[in-house]
Amino acid sequence: MSLISIFLIFFFYVSALIFISGLSYKLIQYRRTPAPLKIPIAPSALDKKGVLLRYFREIFLFASLFKANKWTWLFGWSFHLALVLLFFRHLVYFWPGEVPLILYKTESLKYAAYPLIFGLLGLLARRVFVDRIRYISAPSDYLMLLVFIFIALTGMMMTFANYHPNILMVKNFASGLITFKWSELPGEIIFVFHILPVFCIIAIFPLSKLLHAPGVFFAPTFNQVDNARKKRHLSDWASKKEDNLEINLESKNLKDK
Amino acid sequence: MAEILGAEVDEEGYLLKVSDWTADIAQAMSEEDGIELSPEHWEVINFLQEYYEEYEFAPAVRVLTKAIAKKLGNDKGNSRYLYSLFPYGPAKQGCRFAGLPKPTGCV
Amino acid sequence: MSTDNQIKLPTYVETPSIRKDSMAGDGPFKASVEIQNKLGFPGEKVENWQQVAINKMAETKSKYKSVQVFLDSCMKCGACTDKCHYFLGTADPKNMPVARQDLFRSVYRRHFTFAGKYFPRLVGAKDFDEDMLNDWYNYFHQCSQCRRCAVFCPSGIDTAEISMAAREVMNVIGVGQKYTNQILGKVKKIGNNLGMPEPALKDTLMDLEEEIKEDTGVDVKLPIDIKNSEILMVSPSADFFAEPHIDGLIGYAKVFHESGVSWTLSSYASEAANFGMFIGNYDVMREGALRIRKAALDLNVKRVIIGECGHAWRVAYSFWNTLSGIGTGAEDEYAMRLQNQLDSQYPQPQHMIEFTYDLIKNNKLTFEKSNNDHRVVTFHDSCNVARGSNMGDIENGQFILPREVIKAACNNFIDMPKNTIKSSTFCCGGGAGLLTDDLIDLRIKGAKPRMHALRKSEQESGVNTLAAICAICKSQFSKVLPNYDFDPYMVVSVHQLVSDAIVLSESLKQKD
Ligand code: SF4
Ligand code: SF4
C-alpha cells in the first residue's frame, strides 16, 4: 500500500478517536453540569410538547436566526441543509458490502453542492464585509469556512468537472475504513485534497465552535419547560443548602389581626 | 476623599457625615450645580432635615410634596415644581444639599 | 406606517457602524471595602486575583450548565450583533452581545480549552490581565441582562448568564459595583433597597391612606404586618418612595379594597426587587427570597402577590420555588412546610397584574374609563417580564394580561412597533444595576431604541402616556425622557391607570 494511503487511513482513525472521545467527554460534561435555575427564554414552552416543537423549529427551520437576520438565515440554512443532504449522498461510499437500493437513489442529492457553496460564500462574505461580524471573527472562524469551501470545491470538481476519481477505489477505500479492510486510495490527488480536510473537521469538532451542534440541545434557555411555579426545580448543590430547615433569620413582632 | 468646605464627601458629592452639614455647605454645593438657593429651596431643605431627624430616612417624594403644599401653597405642592427647584431631582439633589445620604434603590 | 421604513430599519434604529472604544472607560463606581465585606466579598482586589478568578470561573461553569454550554456553543454567526440596545445606542463593538461574551469566552478558551492553550491567536484566546479585567468591569456593567440577544441566538445563548457569571467572578476577587452592592447591603440590614426603616415606611403608608381618603372619600387601607391576612403583598420599595411608582401602589390598594380580600405588606420583607440576580450570586439571591418566605410563614398568609417590578417578577416567577419554596408542586419537606400553608388553588406567587386581571374577567371591578380619556397609552414590556416569566399560565400571557388590564381601564391603547415590543422588547436602558447616576451617559444612549419606537408611536398615533410594570423602567424613563424631548411625566404605572379609572363601590353608595 502507498505511504499516502497508510497516512490517510491512520489520520482517519486518529480523527475519529479525537471525535468520539472528545465529543463523549463534552456530552458527559454537559449532561452532568446542573442547571440550578429555570431560565427558559421567550417564547417559552409551557410543557414538554412545547419544548419539542421549539426544537423542531430551531433545528429544522433555524427559527431564531430567521427572526434575527434573513441573510444570515438564508446562507446558514442552505449550508446546513445541503450538508445534511450531502451526508446522505456520501453514505453510498461508506456502506460496506451490499448497498441498499435507496442509497442509489441519492444520486441527485449531489446538486446540494450548489446551495452548500452558495451558503458558505455568503457566510464568508458577511464575515469579511459586515464590520460587526468582522469584529467578532477570529482567524479560526475564517479558516473553518475556507476549509469547508475547499472541501466543497474539490467535491464539486470530482462530481461536475472532469476530475472523476475511480469510483470503485473510492468505495473500497471509504467502506474499508468502516470495516477495517483497508485498501488503496484512488490515484487522483484531488481525492486526497477532498478527504484530508474532512478528517480535520472531524478531529476539531469537539475542540471548536462546532460544538454548537450538540450544545444547542443542552441550552437551558431552549430545553427547559416554563413551569417553575408549578413544579419545584432543584439541583443537587442547591438542595444541600436546605439541610438546615430552620432559617436563622431574626423574628419580628407581628400584630395580630 | 473629596471634601467640601472641609467636610468629607463621597465620590458623588454626598456628605459622609450628616453632622458635618452647615448652611454654607448647602450654599457651596448649590453654587457648584449652578443653582441659587431661594427661600423655597430652604423650605425643602429644612423639611428634608426635619424628616430625616425623625425617621433617619428621607421622605418619599409624595410626602415631601404634601409637606411643601402645606407650607408654600397647593400650587407648589407637586413634583413638577420641586423638579424646577432641583433639576436633578428633589430627592437626590435635595438630599445632597441637605447633607443627607443619597437615596438608593430603583429611584 | 411607511412599509419602506420597516424594510430599511428592521429595528427602527439604524444599526450603526462600529466605533471602537467609544464606551471605553473604568466603569461605574466601585464598591468600598465596607460595602463589599457586608456581602462577604473581599474589600479590595485580592493579591493573586488572576488565580482566584480562574478558579471561580471553573467553579461557576461546573455549577451552571448555561455558562458551560454557552461558552462552547457560539458559532460567531453574528445574529445577535445588532440586537443589544447598548450597541445600537453606543456603537461600541464590545457592546455587541457576542463580543461581550467573548470577553469571558476568550479567557475561558485560554485557560480551559485545548485550542486556546496551544493556539491562542488562532481562536482568539486571551490572558486574564489588568486590561482584560478592566474591560470586564466596564462592559459587564454595560449589560442590563435584558436577554434580548438570547431571543435571536440560534444556539440559545443568553448573554445575561455570562454577564452574571462575570460579575460574580469579579466580586469574588474584590471588584464589586458600588450601586448594586450597597443596595444589597441595605436589604440585608433593613429589608429593602431604599434602606427605608419601618417607622418611615409606616408613616408613608398612613400618608397615602389619607391621600386616598381625601381623593375618593373612601377608607382604602394600606395594611402592614397584619397576621393571618389572605395575601402578602411584596412590592418594589420604590413604590413607597418614588414618582410615579407610588400611584401604582395606590392602585394596588384600591384593587385589593374592591376585591374584599384581606391583604398586608410586610415591614420585614418590604422589597420585591432582588439585586442578587444581577451579581449572579445564588446565596445573596436566595437570602432575598428567604426573607419573603419567612414573612409569608410569620404572617400566615395564603397567597403571595408581587407588585410591579420587572426582575422581581422573574425572580419570583422563575426562581422563588427553587430558592425558597414559594410556589406549588413541591415534594420535599422544606418547601412543603410553606406550600401546605399557601392556597394551591391560586398560582404561587402571583403577579398583581394577574390578580387584577382575574377580577376584571370575573366582572368584579367597575371602571370609569373616560377618566383616562386624556391619555393615549402605550405599554413598555419590561425585559424580565417579557423574556423571563409568564402570567396567567397561558401562552404569551405576560404580554396579554398587562394589555388587557390597561384596556379595561383606558379607551385609547396603542402598541409600539412590532419588533420593539413583547419578546423583542427593548430594554429601558437602566436594568441590572445600571440605574445609577454614574452611568447616566450609558443610560441615555441605551434608551435610544425604545425612544425611537416611542417617537414613532407618538407621531403616528399621538401616544402621550407610557405605561410600565417595572420600578427600574419607571425611574429610568422619568430620567431619560427629557433627553429625547419627551415629557418625563408621561410614564405611569399600569396600576396608576387602574387607580385613575376604578370606581370604588363605597363612593357610589355615598353618592346615592
Ligand atoms: S442581555 Fe441585553 S444588555 Fe446584555 S448583551 Fe444581551 S441585549 Fe445587551
Ligand atoms: S447569535 Fe448566538 S451564536 Fe450567533 S454570534 Fe451571537 S451569541 Fe454567538
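Values in this text are rule-based calculations from the coordinates and carry no lab data. This one's a predicted model, so the numbers in the text were calculated from it and none came from an experiment. Using ideal geometry, Cβ is built from the backbone for each residue, glycine included, and neighbour counts are taken over all protein chains shown.
The protein assembly as shown: percent of C-alpha pairs farther apart than 57 Å? The calculated P(r) of the protein assembly as shown puts 15 percent of pairs beyond 57 Å. Hey, what did the range C:368-489 get for relative contact order, percent, Cα under 8 Å, at least 6 apart? Relative contact order comes out at 32 percent.
Sorting C:Glu308, C:Glu230, C:Glu168, B:Glu36 on the 10 Å Cβ count, fewest up front, what's the list? Numbers along the way, then the final one.
Values: C:Glu308 33, C:Glu230 17, C:Glu168 21, B:Glu36 8.
With the sparsest Cβ surroundings first, the list reads B:Glu36, C:Glu230, C:Glu168, C:Glu308.
Residue by residue along B:52-60, Cβ atoms of other protein chains within 10 Å of the local Cβ number 6 on average.
Lacking any other cysteine beta-carbon closer than 4.7 Å, the following Cys residues of chain C have no compatible partner: C:Cys74, C:Cys77, C:Cys84, C:Cys143, C:Cys153, C:Cys309, C:Cys410.
If you take the alpha carbon radius of gyration of the range A:134-201 and divide it by 2.2 N^0.38 Å, what ratio comes out, to two decimals? List each step's numbers first, then the result.
On the way: Rg = 14.5 Å, N = 68, 2.2 N^0.38 = 10.9 Å.
The reported ratio for this selection is 1.33.
Computed from the C-beta positions of B:Thr22 and B:Lys71, the FRET efficiency with R₀ = 25 Å rounds to 0.65.
Compared with the dominant Cα axis of chain A, that is its longest principal axis, helix A:139-160 is turned about 40°.
Mean projected area of the convex hull spanned by the Cα atoms of the range C:315-397, taken over all viewing directions: 7.2 nm².
Beyond 28 Å, the tail of the calculated P(r) for the range C:33-176 holds 15 percent of the Cα pairs. Distant-in-sequence amide contacts of C:Leu265, defined by a placed amide H-H separation under 5 Å and a gap of 5 or more residues or a different chain, comprise C:Ile224, C:Asp225, C:Ile226, C:Met233.
Which of the trypsin sites (Lys or Arg not before Pro) found in the range A:1-103 are in a DSSP loop and have at most 16 neighbouring Cβ atoms, other than their own, within 10 Å?
Working: sites: A:Lys26, A:Arg31, A:Arg32, A:Lys38, A:Lys48, A:Lys49, A:Arg54, A:Arg57, A:Lys67, A:Lys70, A:Arg89; in loops: A:Lys38.
Sites meeting the loop and neighbour criteria: none at all.
Of A:Val92, C:Val491, how do they rank once you tally other Cβ atoms within 10 Å and put the fewest first?
On the way: A:Val92 21, C:Val491 25.
Lowest to highest Cβ neighbour count: A:Val92, C:Val491.
Summed over qualifying helices (DSSP H, 4 residues or more, each -39500 (n - 2.57)) and divided by its residue number, chain C shows a 222 nm mean residue ellipticity of -14500 deg cm²/dmol.
Tilt of helix B:61-72 relative to the longest C-alpha principal axis of chain B, in degrees (0 to 90, nearest 10)? For helix B:61-72, the angle is close to 70 degrees.
Fewest to most neighbouring Cβ within 10 Å: what's the order for C:Glu161, B:Glu56, B:Glu32?
Values: C:Glu161 27, B:Glu56 15, B:Glu32 10.
Taking fewest neighbouring Cβ atoms as first place, the list is B:Glu32, B:Glu56, C:Glu161.
Other residues with beta-carbon under 14 Å from the beta-carbon of A:Trp77 carry, at +1 per Lys or Arg and -1 per Asp or Glu, a net charge of +3. I'd like the Kirkwood hydrodynamic radius of chain A, using the inverse of the mean 1/r over distinct C-alpha pairs, in Å. Across chain A, the inverse of the average 1/r is 22.0 Å. Roughly what % of DSSP beta bridges within the protein assembly as shown run antiparallel, to the nearest 5? Bridges in the protein assembly as shown that DSSP calls antiparallel: roughly 25 percent.
As a test of the formula, what do you get for chain A when each DSSP H run with n ≥ 4 contributes -39,500 (n - 2.57) and the sum is divided by the residue count, at 222 nm and rounded to the nearest 500 deg cm²/dmol? Can you show the working numbers first?
Numbers: 13 runs with 168 residues, N = 257.
Result for chain A: -20500 deg cm²/dmol, rounded to the nearest 500.
Exceeding 32 Å between C-alpha atoms, which entries from my cross-link table qualify? They are C:Lys20/C:Lys479; B:Lys76/C:Lys509; A:Lys209/C:Lys63. Write down the numbers at each step before the final one.
Details: C:Lys20/C:Lys479 27 Å; B:Lys76/C:Lys509 34 Å; A:Lys209/C:Lys63 21 Å.
Violating the 32 Å Cα-Cα cut-off are B:Lys76/C:Lys509.
Is there a simple number for the mean count of other chain Cβ atoms within 10 Å of the Cβ of residues in C:381-394, and what is it? Don't skip to the end; give the middle numbers.
On the way: counts 1, 0, 1, 0, 1, 1, 7, 8, 7, 8, 0, 0, 5, 1.
Mean inter-chain Cβ contacts per residue within 10 Å come to 3.
Per the Debye formula on identical point scatterers at the alpha carbon atoms of chain B, with no solvent, log10 I(q)/I(0) at q = 0.11, 0.12, 0.18, 0.19 Å⁻¹ is -0.30, -0.36, -0.82, -0.92.
Across the range C:186-501, counting alpha-carbon atoms alone, Rg and Dmax equal 18.4, 57 Å. Rounded to the nearest 10 degrees, the inclination of helix C:282-299 to the longest alpha-carbon principal axis of chain C is 20 degrees. Taking GluC sites (Glu not before Pro) as exposed when their DSSP state is a loop state and no more than 12 other Cβ atoms lie within 10 Å, the longest site-free interval of chain A runs over A:99-245. The distance separating the Cα centre of the range C:438-459 from that of the range A:50-95 comes to 37 Å. Taking the alpha-carbon centroid of each part, what is the distance from the range C:476-496 to the range C:180-232 in angstrom? Computed from Cα coordinates, the inter-centre distance equals 24 Å.
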